[in-house]
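Have a look at the structure below before the remarks.
Since every read-out is calculated from the coordinates, none of them should be taken as a lab result. Note that the structure is a prediction, hence the values are computed from the model and not measured. Here Cβ is always computed from backbone atoms with ideal geometry, including for glycine, and neighbour counts include all displayed protein chains.
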């Protein structure tokens, strides 16, 4: 399994409703892209203060590296990804992606 973690530095002007809609769009990909086992999202709640400005994020668990790779090029993921990039402070610089093998 692969844990695909995406940490975001969202624009400060985003409302809570806009954030929720963005994360619900990510979670909705589980219904249309095969191989997604689970999706979690929310704010960083670490008390360490080492977030580097990445205070929101989500994690997608895939059944295999192949499922993750298919997700990356799936048209609906691409559309949600463009929405995410346009919502971050700095475009791609407002994203941090980290994948782990479970």
Q: Please note which strands (runs of 3 or more DSSP E) are completely contained in segment 1-74 and include at least 2 residues that are more than 12 Å from the chain's Cα centre (by Cα), on the phi < 0 side of the Ramachandran plot and surrounded by 14 or more Cβ atoms within 10 Å (Cβ to Cβ).
A: 36-43
Q) So residue 72 clears everything in (1) without any contact (Cβ under 8 Å) to a residue 60 or more places away in the chain; (2) within 13 Å of residue 7 (Cβ to Cβ) except one condition, right? Which one? A) (2)
